[in-house]
Each structure stands twice: as C-alpha cells, then as structure tokens.
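A short worksheet on the structure shown next.
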Amino acid sequence: MKQFNFHEAKSVKEAVKAASKNSAFLSGGQTLIPSMKLRLSSFSDVINVKNIKDLQGIKVSGKSVKIGAATKHAEVASSKDVIKAIPALAALAGGIGDMQVRNKGTLGGSIANNDPSACYPSACIALNAVIHTSNRKIDAEKFFKGMFETALKKDELVTAVEFTIPEKSAYIKIPNPASRYALVGVFLAKYKKETICAVTGAQPVVFRSKEIEKALNNNFDPNSLNDLNLKSNEMNADIHASAEYRASLVITAAQKAVINCK
Ligand SMILES: Cc1cc2nc3c(=O)[nH]c(=O)nc-3n(C[C@H](O)[C@H](O)[C@H](O)COP(=O)(O)OP(=O)(O)OC[C@H]3O[C@@H](n4cnc5c(N)ncnc54)[C@H](O)[C@@H]3O)c2cc1C
C-alpha cells in the first residue's frame with residue numbers, strides 16, 4: 001500500500017474540508033482497504049468518516065425510515081424499528097456477505113461504491129429512497145449512474161438514506177456462493193397504487209423491470225410472470241452465470257418475492 005495522510009473526521013464539515021480530487025472517504029473499509037492493498041487504487045488522503053456522530057443511527061417516522069450513512073449492515077439487520085417498518089430491508093442487510101462484513105460494512109459505503117452486485121441499491125430504488133449528502137438530497141433514481149458510478153461529487157459525503165415505508169415488500173437474492181454478493185437480487189415493494197421491482201446483479205447497474213412491474217400491477221400473483229421472458233442481451237455474463245441464466249433468475253426471484261411479500 002502506498003503512503004497516505006490519514007484524517008479522523010469528527011464532523012461532516014471536517015470530512016468535506018479534508019476532501020480533494022485525490023482523497024477517499026473511509027467508512028467500513030470492506031471495499032476501500034482491499035482495493036488499496038491490491039494497488040487498484042491509491043489516494044493522498046484517506047478520511048475516516050465512520051465515527052462522525054451525524055452519520056449514525058436509525059429513525060422511523062410515519063412514512064419513512066432514515067438510516068445514517070455509517071450505520072453498519074448488522075445494525076440495520078437487528079434494528080427492531082427496521083424489522084417492524086420494512087422487514088425486507090432488515091432481511092436484506094442480514095443477508096449481506098458474512099458476519100465480519102456485516103459488522104464493518106456500512107450503508108453509505110455500499111451505495112457510494114455502487115457495486116453492480118450490491119444489495120442496497122435495489123432497496124433504494126424500490127423504496128423510493130432519498131439520498132442525503134453533505135450538500136443536497138438526491139432521489140435514488142438519479143443517484144445510481146452506472147457500474148461503480150454515482151451522482152456523488154468527489155468531495156460529497158453521503159450522510160443518510162431515507163427509505164419510504166411500503167405496504168409490503170420482499171428482497172430475494174440468488175447469492176454467489178463464495179462472496180454472497182447477488183448473482184441476481186430482486187427488491188419488490190408494493191404500494192397502494194403501484195408495485196416497484198428493482199433488480200441488482202443482472203445488469204451493469206441497478207434497474208427497474210418495467211415488464212415485471214406491468215404484469216404485477218395487473219395481477220399481483222407469481223403466476224402472472226410465468227410467460228414473461230426478459231431480454232438476455234442486456235444482462236451481465238461472467239464465469240458465475242450466463243446472460244440467459246441471469247434473465248431467467250430475475251423472473252424466478254421476482255416470483256419468490258411476490259410469495260414472500262409482507
Ligand atoms: C467478502 C465480501 C462480501 C460482500 N458481500 C456483499 C453482499 O452480499 N451484498 C452487498 O450488498 N455487499 C456485499 N459486500 C460489500 C460490503 O457490504 C460493503 O457495503 C462494501 O464493501 C462498502 O461498504 P464500506 O462501508 O465497507 O465502504 P468503504 O470500503 O469504506 O468505502 C467504499 C467506497 O465508498 C466511499 N464512501 C464510503 N462512505 C462514504 C460516504 N458516507 N459518502 C461518500 N462516499 C463514501 C469510499 O470512499 C469508497 O470509495 C461484500 C464485501 C465483501 C468484502
């Protein structure tokens with residue numbers, strides 16, 4: 001690992017002030033540290049944000065659940081408030097990686113990294129999340145731009161994510177057996193007037209499946225997806241799963257999500 005300056009930020013203001021073109025925020029370190037150790041990335045300054053008070057905690061109001069960016073996956077998974085308000089979100093967090101990853105990795109780090117196989121981006125899209133940053137609020141639909149690419153500026157810190165509470169929801173992941181990242185993950189959220197189906201792992205960036213949403217808006221039943229075929233030429237293909245297999249997994253996961261919606 002190359003040498004760098006380490007900053008222990010005590011506030012959002014301090015973190016942003018220390019940021020530059022050549023710096024990185026450090027949260028759970030589950031992605032940043034390995035990528036620096038493997039020399040895939042290097043920075044002049046690393047700014048630790050995980051101890052900033054304003055980035056901690058979970059707050060449930062009537063319509064939404066607001067989670068601080070430095071909140072660990074294990075905290076979301078075990079939060080009684082999240083389990084009560086959006087059980088699928090707690091289950092998603094509880095299914096991330098392994099125990100160590102869940103006790104270090106954070107919500108802010110996950111969405112800022114925007115790995116194409118990460119779980120949280122699908123929850124952000126399906127739950128109409130608003131991403132709070134050091135200087136603005138961004139709708140999830142505008143936040144996830146492409147593979148490992150977001151709407152964040154270099155010195156912009158995610159401070160919290162605010163999720164809308166749906167009537168019912170479910171997250172179904174077909175995990176890579178080694179890493180537990182999603183080969184395909186489907187987050188389904190049912191609202192009074194519509195159902196949103198957000199898919200991760202299948203394409204370079206999280207997306208809404210309009211075909212699945214249309215079928216489920218007509219009839220919220222797993223059988224309404226029986227005859228649906230998604231285009232495989234838009235799907236990711238790698239040593240773990242072909243594009244055709246991923247296209248079919250999306251349908252299977254969506255059907256399971258309908259059955260498990262609560
Ligand atoms: C073995 C393994 C298995 C995993 N399995 C899964 C899985 O099943 N599902 C899943 O979704 N994820 C999985 N992950 C990812 C993991 O859960 C973390 O979410 C992810 O590694 C990044 O979060 P972090 O808090 O560790 O961020 P860091 O590694 O600290 O940072 C990641 C990136 O985000 C930036 N960043 C961090 N915090 C902020 C912030 N507040 N504002 C702006 N930028 C910020 C950093 O500068 C860096 O570029 C896995 C990781 C590992 C190592």
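No value in this document is a laboratory result; all are computed from the given coordinates. Quick caveat, the model's predicted, so the values are computed rather than measured. Glycine gets a Cβ as well: all are built from the backbone with ideal geometry, and neighbour counts include every protein chain shown.
Some observations on this one:
- Only Lys, Arg (+1) and Asp, Glu (-1) charged, at Cβ; the stretch 1-155 dipole about Cα centre in debye: 280 debye
- Rounded to the nearest 10 degrees, the inclination of helix 243-260 to the longest alpha-carbon principal axis of the chain is 80 degrees.
- Relative contact order for the chain, counting Cα pairs under 8 Å that sit 6 or more residues apart, in percent: 16 percent
- For residue 191 and residue 136, the difference between the fully extended length at 0.36 nm per residue and the C-alpha to C-alpha distance is 17.2 nm.
- Placing a pseudo-label 7 Å from each Cα along the Cα-to-Cβ vector at residue 227 and residue 154 gives an inter-label distance of 5.4 nm.
- Debye-sum result for the stretch 5-47 in log10 I(q)/I(0), which assumes one identical scatterer on each alpha carbon, at q = 0.30 Å⁻¹: -1.10
- Net lengthening on full extension, residue 4/residue 22 (0.36 nm per residue, minus Cα-Cα): 5.5 nm
- Considering only the chain, percent of DSSP beta bridges that pair antiparallel, nearest 5: 80 percent
- By definition, a body whose alpha carbon gyration tensor gives a ≥ b ≥ c is oblate when a/c is 1.5 or more and a/b is not larger than b/c, and the stretch 140-217 fits this oblate description.
- Theoretical gain in end-to-end length, residue 234 to residue 218 [0.36 nm per residue, Cα-Cα removed]: 3.3 nm
- Cross-link pairs beyond the 27 Å C-alpha cut-off, checked among 37/256; 66/190; 17/63; 214/262; 153/190; 104/210: 37/256; 17/63; 153/190; 104/210
- The stretch 1-133, relative contact order [Cα under 8 Å, separation at least 6], %: 22 percent
- Shape class for the stretch 78-183: oblate, because the ratio a/c of the largest to smallest gyration tensor axis (alpha-carbon atoms, square roots of eigenvalues) is 1.5 or more and b/c is at least a/b.
- 17 Å reach of a label modelled at residue 42, 7 Å along Cα-to-Cβ, counting backbone N of the stretch 1-21: 1-6, 21
- For the chain, the mean residue ellipticity at 222 nm estimated from helices alone is -8500 deg cm²/dmol, where every DSSP H run of n ≥ 4 contributes -39500 (n - 2.57) and the total is divided by all residues, rounded to the nearest 500.
- Of the peptides 23-31, 209-217, the ranking by mean beta-carbon count within 10 Å, highest at the top, reads 23-31, 209-217.
- Sorting 48-54, 135-141, 86-92, 247-253 by their mean Cβ neighbour count within 10 Å, with the most densely packed peptide first, gives 86-92, 247-253, 48-54, 135-141.
- Share of pairwise Cα separations in the chain, more than 25 Å, in percent: 42 percent
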